[in-house]
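> One structure follows; several queries about it will come next.
The values are calculated or read from the model by the stated rules, or taken from the named source; none is laboratory data. All values reported here derive from a predicted model rather than from experimental measurement. Here the Cβ positions follow ideal geometry from the backbone for every residue, glycine too, while neighbour counts run over all protein chains shown.
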Amino acid sequence: MFENMDNKDLDSYADQIIAGSQLSDDDIRSLLETESPEIIDKLHYVARRIRDHFFGNKVFMYSFVYFSTYCKNKCAFCYYRNSNDIERYRLSNEDIRQICKVIKTEDVHMVDLTMGEDPYFHDKPERLAEVVKIVKEEVGKPIMVSPGVVDENTLKMLKDNGANFLALYQETYDMELYKQLRVDQSFEGRINSRNHAKQMGYSVEDGMLTEVEPDMESTIISLRGLATSNPDMVRVMTFLPQQGTPLEGKEIRDCASELKIISILRLLYPEKLIPASLDLEGIDGMVHRLNAGANVVTSIISSNSSLEGVVNYDREHAERDRDVKSVVARLKTMGMEPAEQSEFEKLLGR
Ligand code: SF4
């Protein structure tokens, strides 16, 4: 694909995707397997053209609050799996209120409230609803909740207290790989929870992990599987080996395949929100991900925050410049800028 295309051909290819043309599995295969920098550049170019058609140069920004690192699960890839002997924290409501007072002064479109499947909240969902209520009262902006798998009553309670978006990542739609990654967790139960949220009027996010797949076909299954819940946002993240987990010793390459997959996601899901996370490679990584076709900056943390990221990655490097001001300044150098709040709220209502 793209070998003999010049810019005019690439523009016309982007127009076809915008008009509804679909990638075949063979197209995806050829993009996944290419190592050619020239073809990868062309792929990123097409992805940016499509993104710019739907979103212009506007970027959405989500603030990130990891409020409990306790978890009852044992996902094989995760630093916070229950058996890992690490220091954990659970923020008090007062801590959360104080963080919100800072977030309120920052130019973000949504607050992402993330936790492990902490029994303290899962056994008493009204505690979780209280957290959502506090954030709504203090910040007054849309709220994304990432609580893991929760039942319909909990979803309803969270929604009634101000939650708008549910992030719940399948990580893979390859059943065999799912069993290895999300150890002892129901594949269907996860999908059902996301579907219930969608039916209830939440916007939803699904995501896949890369650099863990046994082969390219597994990646394609996940790329296609991400359509399952008709999510509003689709994410790919690179697996990074975490100390104290079963996958600690697994060798990985770099984030190159994540960048390629971001562009493929843009071609497969042209109008969806696609994040450029600061979590893996900080602000330089954000630039690469936006250049690959992403349109949302996630994992923004307040400059005075000492909270955890999703992955335990080279913290000194990755947590530098993860505040809103640094992000906006860097966006400007790319000819991009934050969208208006009203543009984001319009998307939530669609
Ligand atoms: S990925 Fe989430 S559910 Fe799984 S162990 Fe980590 S925090 Fe828990």
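> Report whether or not Asn304 is within 17 Å of the chain's Cα centre (by Cα), of a type outside the set (A, V, I, L, M, F, W, C), more than 30 Å from Ile39 (Cα to Cα) and modelled with pLDDT under 85. Quick ask: steps written out before the conclusion?
On the way: within 17 Å of the chain's Cα centre (by Cα): no; of a type outside the set (A, V, I, L, M, F, W, C): yes; more than 30 Å from Ile39 (Cα to Cα): yes; modelled with pLDDT under 85: yes.
Against the criterion (within 17 Å of the chain's Cα centre (by Cα), of a type outside the set (A, V, I, L, M, F, W, C), more than 30 Å from Ile39 (Cα to Cα) and modelled with pLDDT under 85), Asn304 does not qualify.
> Hey, another quick one. Across region 79-116, which residue is surrounded by the most Cβ atoms within 10 Å (Cβ to Cβ) among those that are away from the ligand (no atom under 16 Å from the Cβ) and assigned to a loop (DSSP other than H, G, I, E, B)? I'd like the intermediate steps shown before the answer.
Pass one, region 79-116, residues away from the ligand (no atom under 16 Å from the Cβ): 92-111.
Applying the additional criterion that residues be assigned to a loop (DSSP other than H, G, I, E, B) yields 92, 104-109.
Numbers: Ser92: 10, Lys104: 15, Thr105: 9, Glu106: 19, Asp107: 13, Val108: 24, His109: 22.
Out of the qualifying residues, it is Val108.
> Can you name every residue in region 191-206 that is surrounded by fewer than 21 Cβ atoms within 10 Å (Cβ to Cβ) and over 19 Å from Gly349 (Cβ atoms)?
Within region 191-206, Ile191, Asn192, Asn195, His196 qualify.
Yes/no matrix, rows are residues, columns are (1) touching a Gly at 6+ places or on another chain (Cβ under 7 Å); (2) within 12 Å of the ligand (Cβ to nearest atom); (3) more than 30 Å from Phe121 (Cβ to Cβ):
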position	(1), (2), (3)
Glu35	no, no, yes
Leu43	no, no, yes
Arg49	no, no, yes
Phe54	no, no, yes
Asn57	yes, no, yes
Ser63	no, no, no
Lys72	no, yes, no
Ala76	no, yes, no
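> Turning to a different aspect of this structure: Only one of these conditions is not met by Phe187: (1) surrounded by fewer than 19 Cβ atoms within 10 Å (Cβ to Cβ); (2) over 23 Å from Leu278 (Cβ atoms); (3) more than 20 Å from the chain's Cα centre (by Cα). Which number is it?
Failed condition: (3).
> Here is a follow-up. Given the options Asp174, Asp151, Asp112, Asp160, name the one that is under 30 Å from Glu337 (Cα atoms) and acidic (Asp, Glu).
Details: Asp174 fails: under 30 Å from Glu337 (Cα atoms); Asp151 fails: under 30 Å from Glu337 (Cα atoms); Asp160 fails: under 30 Å from Glu337 (Cα atoms).
Exactly one residue qualifies, and that residue is Asp112.
> While we're looking at this one, here's another question. Please work out which residue is farthest from Ala167 (Cα to Cα), limiting yourself to region 117-152 and to residues that are part of a loop (DSSP other than H, G, I, E, B) and touching a Lys or Arg at 6+ places or on another chain (Cβ under 6 Å).
Let us first name the residues in region 117-152 that are part of a loop (DSSP other than H, G, I, E, B), namely 117-118, 123-124, 140-142, 147-151.
Pick out the ones that are also touching a Lys or Arg at 6+ places or on another chain (Cβ under 6 Å) and you get 117, 149.
Values: Glu117: 13, Val149: 10 Å.
My answer is Glu117.
Residue-wise test of (1) within 16 Å of the ligand (Cβ to nearest atom); (2) free of Cβ contacts under 8 Å to residues at least 24 places away in the same chain.
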residue	(1), (2)
Ile143	no, no
Leu181	yes, no
Arg190	yes, no
Gln199	no, yes
Tyr202	no, no
